[in-house]
Amino acid sequence: MNAPTPGWYPDPQRPDLVRWFDGTVWTAHVAPAAPGAPGAPFAAAPRRRSAGMTALVITLSVLGVLFVVGILAAIAIPVYLNQQKVDAFREAVDAQSCERVEDDWTRLSVEDPGPGERPVASMDLAPVDDERATVQRPGAGIKVHVLTCEGILEDDRGDRSFVRIEVQMDRDGQGWLTPLDPTGAGTP
């Protein structure tokens, strides 16, 4: 008479379990019965996600990535735009020179002379206070000193006078030319 071979068999007492038979006796080892596989030990079948659950996981993952990208963009874009403004300010400052002051002052004296002013025929200016290398972009509504030039101005009649002109800039790189008296105080 052949004895059954060792293995997992349906438990005669509990049909929802399988029990190990060692070839001689039934052991105390039991496991849940696997559906459709009589005599096989229960191996936990991998859980399958429903299509809805898979879609939810994918949707939440995409939303999470978009959220992180949004936060990074919210940080990076203003930093980038501010750096662009700082660079534009720096370029405007670097473009300033006493030669440019001469050109601008001469042009303005012809286009829009102040009361009692004569158009400028020529100027010979040199820098006396140059902060172009160290000036920082100011806050809103503030102008910073960039450069002071002084020298000789000759008007269209040949009259010569000493001039001192200060260049100031705002945070957007707009420049202002301000005439100073020879002591450095602003003229009225």
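The values are calculated or read from the model by the stated rules, or taken from the named source; none is laboratory data. Remember, it's a predicted structure, so these values are computed and weren't measured experimentally. So basically every Cβ, Gly included, is an ideal-geometry build from the backbone, and we count neighbours across all protein chains shown. For accessibility, only protein heavy atoms count, side chains too; no ligands or nucleic acids. Shrake-Rupley method; radii C 1.70, N 1.55, O 1.52, S 1.80 Å.
Summed over qualifying helices (DSSP H, 4 residues or more, each -39500 (n - 2.57)) and divided by its residue number, the chain shows a 222 nm mean residue ellipticity of -11000 deg cm²/dmol.
Contact order for the chain, expressed relative to its length and based on alpha carbon pairs under 8 Å spaced 6+ residues apart, stands at 12 percent.
Computed with a 1.4 Å probe over protein heavy atoms only, the accessible surface of the chain comes to 69 Å² per residue. Close amide-amide hydrogen proximity is noted between residue 122 and 154, each under 5 Å apart and 5 or more residues distant or on a separate chain (H modeled in the peptide plane; Pro and chain starts excluded).
Among the listed options (1) 96, 15, 11; (2) 37, 16, 14; (3) 51, 24, 14, the one matching semi-axes √(5λ) of the Cα gyration tensor in Å as calculated from these coordinates is (1). Taking K and R as +1 and D and E as -1, what net charge do the other residues with C-beta under 14 Å from the C-beta of residue 121 add up to? Neighbour charge sum, excluding residue 121 itself: -4.
If you look at the Cα atoms of segment 70-153, you get an Rg and a Dmax of 18.0, 59 Å. Residues considered: 100, 137, 14. Largest GNM mean-square fluctuation over the chain, using C-alpha springs under 10 Å, is found at 14. Put simply, when 111-121, 165-175 are sorted by average Cβ atoms within 10 angstrom per residue, most first, you get 165-175, 111-121. In this structure the amide hydrogen of residue 11, modeled in the peptide plane, comes within under 5 Å of the amide hydrogens of 17, 18, 19, none closer than 5 places in sequence on its chain. Of the residues 140, 76, 51, the one that moves most in a GNM of the chain with alpha-carbon contacts below 10 Å is 51.
Size descriptors for segment 107-147, from the alpha-carbon set: Rg then Dmax equal 15.0, 37 Å.
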